[in-house]
Every structure is written in C-alpha cells, then in structure tokens.
1. Which residues make up the longest stretch of chain A clear of chymotrypsin sites (Phe, Trp or Tyr not before Pro) that lie in a DSSP loop with no more than 16 other Cβ atoms within 10 Å, not counting the sites?
2. Counting pairwise Cα distances across chain A, what percent come out greater than 26 angstrom?
3. Counting C-alpha atoms alone, how compact is region A:188-322: give Rg to one decimal and Dmax as a whole number, in angstrom.
4. Taking R0 as 30 Å, what FRET efficiency do you get between A:Met223 and B:Ile89 from their Cβ-Cβ distance, rounded to the nearest 0.05?
5. Would you mind giving the three semi-axes, in whole Å and largest first, of the ellipsoid equivalent to chain B according to its Cα gyration tensor?
6. How tilted is helix B:116-131 with respect to the longest principal axis of chain B? Cα atoms for both, answer in degrees (0 to 90, nearest 10).
7. Cross-link candidates for B:Lys198: which lysines have Cα within less than 18 Å, leaving aside residues fewer than 8 places away along the same chain?
8. Based on alpha-carbon atoms only, what is the radius of gyration of region A:230-299 relative to the globular estimate 2.2 N^0.38 Å?
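Every number here is computed from the coordinates shown, using simple stated rules; none is lab data. These figures come from a predicted structure and were not determined experimentally. Note that each Cβ is placed from the backbone with ideal geometry, even for glycine, and that neighbours are counted across all protein chains shown.
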Amino acid sequence: MATELEPKTGLRTGGNPWGDRIFGSLALAAGATIIAVIALMALFLIIRAVPSLQANKANFLTSSEFATTDETNLRFGIAELFQITVLSSVFALLLAVPIAIGIAAFLTNYAPRRLAKPFAILVDLLAAVPSIVFGLWGIFVLAPKLEPVARFLNDNLGWFFLFADGNVSLAGGGTVFTAGVVLAVMILPIITSVTREVFSLTPRGHVEAAQALGATKWEVIRMTVFPYGRSGMIAGSMLGLGRALGETVAVLIILRAAAQPGNWSVFDGGYTFASKIASAAAEFSSKLPTGAYIAAGFVLFILTFIVNALARAAAGGRVSGG
Amino acid sequence: MTTTTLGDPTKAPTFHPIGTGRKVKNSLAAFFFTGSFLIATVPLIWVLYTVLERGFKAVISADWWGKSLAGVLPDQFAGGVYHAIYGTIIQALIAAVLSVPLGIMAAIYLVEYGRGRFAKVTTFMVDILAGVPSIVAALFIFALWIATLGFPQSAFAVALALVLLMLPVVVRNTEEMLKLVPDELREASYALGVPKWKTILRIVVPTALPGIISGVLLALARVMGETAPVLILVGYARSINYDPSNGNMASLPLLIYTELINPEAAGRLRVWGAALTLILLVAALYVAAAFVNRYLNRNRA
C-alpha cells in the first residue's frame with residue numbers, strides 16, 4: 001500500500017513547485033477517464049438505440065422476431081436472444097464450476113508444492129487461446145465427437161426438457177450443447193484462478209485444527225477450505241458467467257441458425273445477443289436497423305454489468321479475473 | 001510395577017482407525033480433484049495439437065509470411081497472410097500506445113493518490129470495464145466514432161475498441177506491481193526531500209517496470225485474438241493496406257472468419273494456417289513477457 005506519509009510540497013528547495021499539482025491532476029484525470037468511458041458507453045448506446053426502439057412495431061422485451069431489413073416495418077425483440085444466451089451460459093457454468101473448484105482444490109491441496117505453479121500456469125494458458133480458435137476447434141473437431149453423446153442424451157433423457165428435441169438437427173453439432181461445452185472450457189481458467197486464490201488464503205490454523213481432530217484430507221477441505229472460500233467460488237462463477245454471456249465469435253461459428261424459436265433444450269440452435277450482433281455487422285450501413293442491434297447490445301451491457309457487480313459484491317471488494 | 005502391566009492398557013484405545021466409509025470418501029475426493037485437473041489439460045493439448053497439425057502445412061509454405069492474398073483464387077492455395085499479420089500487429093500497437101500511458105496513470109492515481117469515494121468508484125468502474133464484452137465495446141465505438149462522429153470504418157476504429165479492452169488489464173496489473181514496491185523506498189526518497197511526483201516517476205515506477213511491461217505484453221496477446229471488433233469496425237482486404245486510418249484492412253481473426261465461408265480445401269488450409277500464426281504470435285508475446293519479468297528482475301536484484 002502507498003504510504004500515508006506525504007512530503008510537504010511547499011518546503012522543498014529546487015524542482016518545480018507545480019510538479020506535484022500537475023502530476024496529481026494528470027493521475028486524477030486518468031482515473032476520471034475510466035469512469036467517463038463507462039458513462040459514455042451507456043449514453044451512446046442509448047442515444048443510438050432510442051430511435052429504433054421508437055420505430056419498433058414489435059414488443060422489444062417479449063418478441064422473438066428480429067426483422068430489420070424493412071426499415072419502415074422494424075420488428076425486433078430480444079426474447080429469443082435472451083433465451084439462447086442464458087441457456088448456453090448457464091449450461092457452460094454448470095459444467096465448468098465443479099471442475100474449476102476441483103482444479104483449485106487440487107492445485108492448493110494435492111499438487112506437489114514444486115509443481116503447483118507450473119500446473120496453475122497450464123490452466124491459465126487456456127485463457128490465452130484466442131476465442132476464434134476455440135470456435136474452429138469446437139465446430140470442426142469437438143462437435144463430431146460430441147454428436148454421439150448428444151444423440152445418447154436425446155434418446156435416453158429426451159423426456160427431460162433440457163435434452164428434448166431441439167429446433168435444429170443434431171447432425172454436425174451446431175447446438176447449444178456444443179457451444180456450452182466450448183464456453184465451459186473458455187471460462188474454466190477465470191473461475192479456477194479466482195477460486196484458487198481464495199483457497200490458498202485459508203488460514204493455516206483452521207486447517208491444522210481440523211487435522212488435529214483427526215480429519216481426513218477430504219474432511220479438512222470440506223470443513224475449512226470450502227467454507228472459507230465460498231465467496232471466492234461465487235465471485236469466480238459470476239465472472240465466468242459474465243464472460244460466457246458476452247462471448248461472440250466462438251458461439252457465432254458453432255451455433256446453427258434455427259427457423260423456429262427454441263424450446264429451452266440444449267439441442268437448440270439460434271443466436272445469442274453477441275453472435276446476433278456480430279452476424280449482422282454487414283447490415284450496419286443504415287441507421288434504424290443498426291439501432292436495433294445496438295439496443296440488443298445495450299441489454300447485453302446491462303446484463304454483464306449486473307453480473308460483474310454481483311461478482312464484486314460476493315467477493316466483498318474487488319475481484320480480478322486474471 | 002513391571003513392564004508387562006505398563007504395556008497392557010487398562011482402557012480400550014480412544015483412537016479408532018479411520019472407518020472404511022471415510023477412507024472411501026477421501027480417496028474419491030482425491031480422485032475427483034486430480035481428475036478435474038487432468039480434464040482441464042485435455043482441451044488445451046487437443047486445441048494446440050489440432051491447430052498445429054492442420055495449420056502446419058500452410059505456415060511452412062514459401063510465401064506464407066511474405067505475401068498477401070491479392071489475386072489468389074478461392075480454390076488455389078498460394079500467397080500468404082503478411083497483410084493480415086501486419087493488420088493484427090498495427091491495430092494492437094495503436095491500442096497499446098493509447099491505452100498504456102492512460103492505464104499506468106490511472107493505476108498511479110489509484111495506488112499513490114486515490115483516497116475516498118472517487119477512488120472507490122474508479123476501482124469499481126475498472127472492474128466493470130474488465131467485464132464489458134468485446135462486442136459491446138465494438139458497438140460503442142461504432143455508435144460514437146462511426147455513427148455519431150462520422151468517421152469511416154477503419155483499423156483505427158478497431159484500435160479504439162481494443163483500447164477499451166486493454167485498459168482494465170493494464171490498470172489492474174500496474175496496480176498490483178505498484179503495490180509490491182516497498183514503502184521504505186518511498187519514505188527514503190521523501191526523507192531526501194524529493195517531491196512526490198518525482199518519487200513516483202524516478203523511484204516507484206522504475207522499480208515496478210519489469211512487472212508493468214510484462215503485463216502490457218500479456219494484455220497485447222489478449223487483444224490480438226479479438227474478433228468481434230474487427231467484424232464490426234473494419235472491412236476485409238485481400239491485399240496489404242499500410243494506412244490504419246483509411247480503408248479496409250485484414251487481420252488474422254478477420255481472415256479466418258472470412259475464409260470460413262470458402263468451401264474449398266485451400267480455404268480450410270488458410271483458416272488453420274492463420275489460426276496457427278495467431279497462436280504463434282500470442283506465444284511469442286507470452287515468452288517475451290516471461291523473459292522481461294525474469295531477466296529484468298534479476299538484473300535489478
């Protein structure tokens with residue numbers, strides 16, 4: 001931490017007496033710029049979205065249509081986008097969180113001390129792979145391998161709504177199922193790094209007390225590490241969720257467009273907020289259709305804002321997603 | 001008393017051996033934790049292997065690193081991607097030039113000056129900015145720079161979006177590094193009558209510099225692979241364009257995305273070749289970051 005001890009600026013000899021004031025103001029201005037950026041972001045997205053929202057002939061929140069080609073008859077709503085976004089992100093989260101917690105427990109309690117750091121770097125490297133590469137791998141390599149798994153789940157657990165028939169064919173694997181698995185891989189390093197950090201801070205005394213009572217290693221973890229790290233697990237999961245909600249190109253490459261609206265099955269296709277916006281980038285020449293996508297982008301901005309604020313609140317301060 | 005009575009406890013032992021149920025649970029937990037780590041290494045190795053295997057042939061072809069795709073037919077494997085490599089690097093560099101000074105100053109504010117409410121709001125906003133999806137950052141630049149201010153689509157607009165993505169990474173990392181500088185150094189400097197701003201610029205920042213630089217390199221690696229901004233803010237070009245402020249410009253992610261529509265085998269080869277090239281660029285930055293961290297720190301010690 002910076003010291004509270006401040007030199008008395010006026011008493012020095014030599015140097016520019018204005019130096020401190022100028023430098024301090026510059027630093028303050030840099031901090032203010034960051035606040036201004038977030039404010040401008042909300043402001044300009046709203047400014048650009050409002051005319052399109054006024055011209056919208058469908059209900060923005062409840063409609064599943066997204067017809068923006070006819071400027072005089074704009075009909076767009078986010079219901080379908082919201083459904084696919086939430087479905088794929090939550091599915092990814094359910095896959096990633098138990099594994100991330102397992103990895104964090106392994107790295108802090110099981111891995112040999114000398115190997116713990118290289119192992120942690122190995123997991124962090126997953127975050128270094130560009131998302132478009134994950135997308136390519138997901139659709140060309142992983143999807144064919146997942147297809148039999150998807151068929152098995154669909155055949156045997158089809159009575160459960162998540163595994164019911166989706167609105168696209170299982171062939172090729174362009175479903176939320178594949179996208180969710182890829183998203184899970186992509187958010188794994190974030191959740192792991194936050195969780196691992198909290199786990200490693202478990203007070204030594206708690207651990208030793210549990211050991212002195214004769215607890216096995218698993219009992220030590222269950223009684224000391226997990227309760228102590230609960231806030232970290234929640235914060236890490238929220239950060240991972242935020243990342244999954246906004247992931248664009250991997251989802252865009254993997255998910256197949258669907259003619260019918262989805263029915264909350266992981267074998268649905270369709271668009272998330274982010275992939276819908278990216279897919280329409282070529283349409284961005286005229287004002288009103290563009291505004292429709294900017295409105296969708298604003299909703300995504302609000303969603304991620306809330307999720308990240310929750311992550312911060314859960315961690316009781318700041319969190320770093322690594 | 002004889003030793004035989006001492007060796008014969010009067011009371012049954014209080015400690016029981018660990019029951020089977022607890023043993024099984026303990027082993028299961030160890031198995032699950034180790035297993036989750038092993039599972040996590042699978043996609044990493046699988047992805048890297050796939051890209052290497054499928055892109056290798058493209059990357060070692062003669063013209064890959066020195067030619068563009070100008071005049072190359074979709075079904076013909078010829079030319080190279082140097083126009084896209086140039087685009088990727090120049091966009092990331094412009095973003096770095098804009099975001100690094102701003103990010104370092106903001107971190108200095110938070111660590112050395114920031115007290116009270118305003119500093120808290122700033123930290124909060126850094127966290128929020130870190131969570132902003134790249135597509136939203138791109139849309140914002142589109143709404144501000146292109147739709148409102150009337151500038152054309154260009155590589156510079158992409159760089160502006162990348163600034164938003166780099167900024168929080170640079171701020172957080174620099175903050176961490178500045179906090180690691182011992183207070184004794186600051187106090188010694190103040191005791192010699194050095195003003196605060198000079199202490200920061202001449203003592204604190206230079207001490208933290210290796211960490212700051214390696215953080216910047218990692219941030220660069222992060223934004224190089226960003227695809228959402230290039231999809232929205234710049235058009236694709238098959239030939240080289242040196243001017244970031246004007247016209248279409250290719251970059252590796254944009255080239256991959258464009259060639260995906262090409263059904264020919266040559267297009268697929270280019271896709272994987274560009275993916276491998278992108279990964280090599282990212283890897284080079286990671287190696288450079290590790291080198292800076294280790295080498296500069298050792299020299300200082």
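1. Counting at most 16 other Cβ atoms within 10 Å as exposed, the longest clean stretch of chain A is A:19-158.
2. Result for the distance tail: 59 percent.
3. Spelled out, the Cα radius of gyration and Dmax of region A:188-322 are 20.8, 71 Å.
4. Efficiency, from the Cβ-Cβ distance: 0.05.
5. One finds semi-axes of 47, 34, 19 Å for chain B.
6. Helix B:116-131 and the main axis of chain B meet at about 70 degrees.
7. Filter leaves A:Lys8, B:Lys179.
8. For region A:230-299, the normalised Cα radius of gyration comes out at 1.34.
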